[in-house]
């Protein structure tokens, strides 16, 4: 407040500035308001109404129904709940597998193409980034051909003596390992209308092919973010660590990775949001099949609105998805927050530093390296 | 404090301005049908828009020329638009209050659009109403009102690869007329190279077995769930039996997208498909010789499923009178026979049957099916249940038909409550 109070309230030389400020931002505010804020608010209203898809959702014949649409989805006990549960299950496994895999792969590729000794770095960078700039529809179609039951992937597997699955038509959960039915207590107890046995079954073989697709396409994008971050890191810390005798492995985990924390957060967040919203691949590729194992909340929201005319439910799914994404983003922020060095690790340094009579030690250094310097100082 | 109020005012202004802009679009007017009305139908000089979901160039051209003919004789302008995603484009039209006047409408969408009031129930005003097959009229009746004129229809038949048939030493006398005979020929036709019978693993094919046993998912008017009847169990059990014998396989399990593809590629000696297979065979697999037979009878006699679309007219159309005239012309015998010639479906009116049979001697079994064909459920939300049913049918070989049907019974009962 104090910083602003120095400015004259009104009048004076800067009189017109606020007005022109608003004027310059107005186009964007109007565009965002018109195409983002208002539609979102309208959808929120629809999710609480019985609007059937004809005419305005604000007309007199549309009624407020409270949380009816939400309760049908979350505790209705009918097909709507089962479908929503199945969609959540599918997408949860998708997220659980895609986000870590694509982040790890992106980081690995970034470290590789960032190495000074690698010849033709530009070529590799372009090659890895290429899938990201190709349209997702084109890649999905390519994937459908590759993972056909008689496609290239199964052909390649056959050279290894493996009979490949009928990828996009196989609804079996990969963590069921071929078992068709589970123990009774897992089959009987359900969450959101879906038996626990199905929840723990992992993604279906078909979904797994889509997981590979997502990792293949998005790791290039995130590689680029990591490369940018890596190039911003100063070489001096690396050198210092090298001088202290840290191995390449230690330098990566103890020096490079901690410095990449902000980028890591960005990549994980973007990956998480993208994964919960997966739609294109389902719409163009599998339409939710086989046996609904590639149905995702985003796709379910589309079909319940446009195909079934259950617009309220479709909008409600979208908002539940919104809450899920916000929750996981906050959770991730909490996990990746800057933390004080833990007591256990601190103890390692204190042992070394007391021996070294108050020599300042870079906290990023490995404990062993710290002990070495301490000895040198004693001499 | 003052900053905050100013922010608030600015935000409110922005939202109000944007709201005003949306209102200017006039997209959300409650009732946009202008003009005078005669016998409950709107009438004006506005041109008509026709929205179709086309199977290809042949269909687009045929509809285009039929509509153009009507346009020049009636003096009302009409344009045909091909939708890339019919359900989505219809929904957008209805919610904006400016829908297409006349459009294709499938049986599973009827209930959704009829219940929110988007459709004009004009069936009883049709001059040729009594000419339509009654079972088709039933498919487009919702809440006791005949909504729209059936455009055309298809039934399922047994498609047989004649070369494989002869190679297995079978003759015309062996064409199966009962389930037992079907089992026998399917076994004879199964070789290491191809399976006897390949079908899509979904209700739209397997359901035929349920009707042959005397059942179906819902009753004829889609007002009562009849999924868990012993008849349906018998139908599914028969399919399960064939699956486990290895003489019947789902198309996807032989690496094909649908039954027609499996059949055309020679992966199966027989398949169960509808009229549309003739188009695919002539364009994609012209060298395969085949013949068409009626589906074998089950314990309750002959049975097949029929699929149909209708010409919907929008409740918000400003010129319903002209739209009705157009639909009457498009469902006339001459137009339907022209459509049939161009892209294959069967005329939805009885008066065109004889001529159609002489024109298509090979396809007669499909039209014979019209006598005993049953429709798919049309209750609101039944498409979802069918999808769910399909997902369970994929594992029919290893699961219990009774359990599957009991689950669908519960789902269907929830719809008609």
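Computed from the coordinates by the stated procedures, all read-outs in this text should not be read as laboratory data. All values reported here derive from a predicted model rather than from experimental measurement. Glycine also receives a Cβ, built like all others from the backbone with ideal geometry; neighbour counts cover every protein chain displayed.
Before moving on, here are some points about what is shown:
- Think of it as helices only: each DSSP H run of n ≥ 4 in chain A is worth -39500 (n - 2.57), and spread over all residues that comes to -18500 deg cm²/dmol at 222 nm.
- Shape class of region B:178-253 from the alpha-carbon gyration tensor: prolate, with a/c at 1.5 or above and a/b greater than b/c.
- Note on region A:220-285: Cα-only Rg and Dmax are 16.5, 54 Å.
- Per-residue mean of foreign Cβ neighbours for A:303-314 is 5 (Cβ atoms of other chains, 10 Å radius).
- Cα-based helix-to-principal-axis angle, B:333-343 vs chain B, degrees rounded to 10: 70 degrees
- Spherically averaged projected area of the convex hull of Cα atoms, region B:201-355: 12.3 nm².
- Report note on the peptides A:338-344, A:49-55, A:308-314: ranked by the mean count of other C-beta atoms within 10 Å, highest first, their order is A:308-314, A:49-55, A:338-344.
- Coordinate range of the alpha-carbon atoms in region B:59-133 per principal axis, descending: 34, 32, 22 Å.
- Full-extension gain in nm, residue A:249 to residue A:65, via 0.36 nm per residue minus C-alpha separation: 60.4 nm
- By definition, a body whose alpha carbon gyration tensor gives a ≥ b ≥ c is oblate when a/c is 1.5 or more and a/b is not larger than b/c, and region A:1-133 fits this oblate description.
- Largest GNM mean-square fluctuation across A:148, A:232, A:69, computed for chain A with C-alpha springs under 10 Å, falls on A:232.
- Cα gyration tensor category, rounded, prolate or oblate, for chain B with a/c compared to 1.5: prolate
- For chain B, the relative contact order works out to 25 percent when only alpha carbon pairs closer than 8 Å and six or more residues apart are counted.
- Convex hull volume of the Cα atoms of the protein assembly as shown, normalised per residue: 242 Å³.
- Rounded FRET efficiency, nearest 0.05, which uses the C-beta distance separating residue B:61 from residue B:245 and R0 of 30 Å: 0.10
- Projected label distance in nm at residue B:289 and residue A:160, using a 7 Å step from Cα toward the beta-carbon: 4.6 nm
- Taking chain A and dividing mean pair separation by its residue count, relative contact order in percent (alpha carbons under 8 Å, at least six apart): 22 percent
- Computed FRET value (nearest 0.05) for residue B:85 with residue B:143, which takes r as the C-beta separation and R₀ as 45 Å: 0.95
- Under 11 Å from the residue B:329 label point (7 Å along Cα→beta-carbon), backbone N, region B:66-85: B:66-79
- Annotation for region A:123-192 versus region B:205-278: alpha-carbon center distance of 27 Å.
- For region A:105-183: relative contact order, % (alpha-carbon pairs under 8 angstrom, 6 or more apart): 15 percent
- Among A:64, A:35, A:279: highest mean-square fluctuation, GNM of chain A, C-alpha pairs under 10 Å: A:35
- R0 of 22 Å, Cβ-Cβ distance residue A:40-residue A:19: FRET efficiency to nearest 0.05: 0.20
- Structure-based [θ]222 nm, chain B - -39500 (n - 2.57) summed over DSSP H runs of at least 4, per residue, nearest 500: -13500 deg cm²/dmol
- Per-residue average of Cβ from other chains inside 10 Å of B:40-52: 0
- Computed Kirkwood radius, in angstrom, where 1/r is averaged over Cα pairs of chain A: 25.4 Å
- Cα centroid separation, region B:286-314 to region B:402-417: 26 Å.
- Per-residue mean of C-beta atoms belonging to partner chains within 10 Å, peptide A:74-84: 3
- DSSP bridge analysis restricted to the protein assembly as shown gives an antiparallel fraction near 70%, rounded to the nearest 5.
- All distinct Cα pairs of region A:115-185 go into the 1/r average, and the inverse of that average, the Kirkwood radius, is 15.7 Å.
- The equivalent ellipsoid that matches the C-alpha gyration tensor of region B:330-409 spans semi-axes of 36, 15, 11 angstrom, in descending order.
- Between A:39, A:262, A:183, the residue with the greatest mean-square fluctuation in the GNM of chain A (Cα pairs under 10 Å linked by springs) is A:183.
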